[in-house]
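Structure record follows, encoded as structure tokens.
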Amino acid sequence: MTAESSYEIEPELRMETPRRARVKAGGRAVVRMFVLFALAGVCVIGWLAARDLRDLYALRAHGLLGQAVVTDKRMFRGKSNTYLLSYSLPTPPTSIEDEDKVPYALYEQKRPGDTLDVTFLPNHNQTHRVGEVNDERIQARMTVWTLVLLSWTGFWGFIPALAVFEQRKELRLARYGIPVPALIIKCVASKPGMSNTGYDVTYRLPEPFGERAGSVSNEIGKTLAAGQMVTALYDPADPRNTCLYCGLLNTELE
């Protein structure tokens with residue numbers, strides 16, 4: 001008698017499909033957290049973009065072009081260098097004293113004591129920008145803000161979408177998966193620094209499925225060892241979709 005033939009599948013998996021299963025509360029909470037974070041970021045970016053564009057439109061319509069004096073210049077090195085010019089512009093009732101990021105060409109061109117074009121609102125000089133504000137500049141800023149918003153939405157929208165996709169795969173296995181005995185070939189802790197901090201598991205299913213690889217939590221991984229028999233689930237509609245029953249991370253039977 002082989003180990004596979006003598007292995008007993010868990011009773012709760014021998015019931016007729018679809019089994020009653022659900023996504024764990026923790027899994028749903030993680031998805032909600034990412035969605036809320038993405039929405040919060042969209043709101044913040046939208047608010048910053050609206051404020052920036054509002055100021056630019058006001059400067060285009062009512063701004064005055066003044067000659068500020070460069071008082072200092074600084075550069076910060078990194079993956080992309082940042083170039084800053086400090087400047088002063090006497091305007092009633094108070095002077096404009098500020099520091100702005102500028103293109104490299106303008107940074108190289110200006111020295112302390114040189115003049116610098118600054119557009120400002122005469123009735124609210126805190127609203128100002130280096131250089132002239134025209135339709136072309138406003139259009140460029142609109143493009144930048146659109147790209148920032150799309151990038152944020154795409155990145156932080158992809159994460160919860162991927163989590164939901166993986167949860168649905170697990171949920172389908174829990175409801176419709178065919179239980180079969182699986183032999184643990186290898187179970188080792190994931191490499192330090194990897195996003196997955198659990199255990200990497202290699203296991204062998206009965207023919208014709210062969211070996212498969214997956215991951216389990218630290219708690220489960222510490223209980224598994226090479227040569228051990230456990231229960232695996234495979235999707236009859238997609239046999240490539242398999243996992244260890246004990247390794248279900250986000251799904252539980254009711």
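Of the candidates Thr223, Thr143, Thr202, Thr242, the single residue that is of a type in the set (S, T, N, Q) and in contact (Cβ under 8 Å) with a residue 60 or more places away in the chain is Thr242. Among the residues making up the stretch 76-93, those that are in a loop (DSSP other than H, G, I, E, B) and farther than 23 Å from Thr115 by Cβ are Arg77, Gly78, Lys79, Ser80, Asn81. All of Lys79, Lys101 fail the test of being farther than 14 Å from Arg129 by Cα and either among the acidic types (Asp, Glu) or out of contact with any Pro (no Cβ under 6 Å at 6 or more places or on another chain) (or both), apart from Lys79.
Here Leu53 does not fit the description of being in contact with a Pro (Cβ under 7 Å, 6 or more places away or on another chain) and modelled with pLDDT of 90 or more.
Within the stretch 11-40, residues that are more than 19 Å from Lys169 (Cα to Cα) have Cβ atoms under 9 Å from residues that are surrounded by fewer than 13 Cβ atoms within 10 Å (Cβ to Cβ) in these pairs: Ala38/Phe155, counting only partners at least 6 apart in sequence or on another chain. Taking the listed residues Val180, Val144, the one that is at pLDDT 90 or above and under 26 Å from Val102 (Cβ atoms) is Val144, with no other qualifying.
Take the conditions out of contact with any strand residue (DSSP E or B) (no Cβ under 9 Å at 6 or more places or on another chain), surrounded by 14 or more Cβ atoms within 10 Å (Cβ to Cβ) and not hydrophobic (A, V, I, L, M, F, W, C) and apply them to Gly27. Does it pass? The answer is no for Gly27. Selection within the stretch 79-89: residues that are touching a strand residue (DSSP E or B) at 6+ places or on another chain (Cβ under 8 Å) and not small (Gly, Ala, Ser). The member of this set that is modelled with the lowest pLDDT is Asn81.
Among the residues of the stretch 115-140, the one identified as in a loop (DSSP other than H, G, I, E, B) and surrounded by 15 or more Cβ atoms within 10 Å (Cβ to Cβ) is Val133. With respect to the conditions (1) in contact with a Gly (Cβ under 8 Å, 6 or more places away or on another chain); (2) within 30 Å of Glu16 (Cβ to Cβ); (3) not hydroxyl-bearing (Ser, Thr, Tyr), Phe165 lacks only one, and its number is (1). Scanning the stretch 43-68 for residues that are exposed (fewer than 15 other Cβ atoms within 10 Å of the Cβ), among the aliphatic types (A, V, I, L, M) and in a strand (DSSP E or B) gives Leu64, Leu65. If the condition is being surrounded by 11 or more Cβ atoms within 10 Å (Cβ to Cβ) and either within 14 Å of Gln109 (Cα to Cα) or hydrophobic (A, V, I, L, M, F, W, C) (or both), then the stretch 76-85 contributes Tyr83, Leu84, Leu85.
The values are calculated or read from the model by the stated rules, or taken from the named source; none is laboratory data. Just so we're clear, the structure is a prediction, and the values are computed from it rather than from any experiment. Note: ideal-geometry Cβ built from the backbone for every residue, glycine included; neighbour counts use all protein chains shown.
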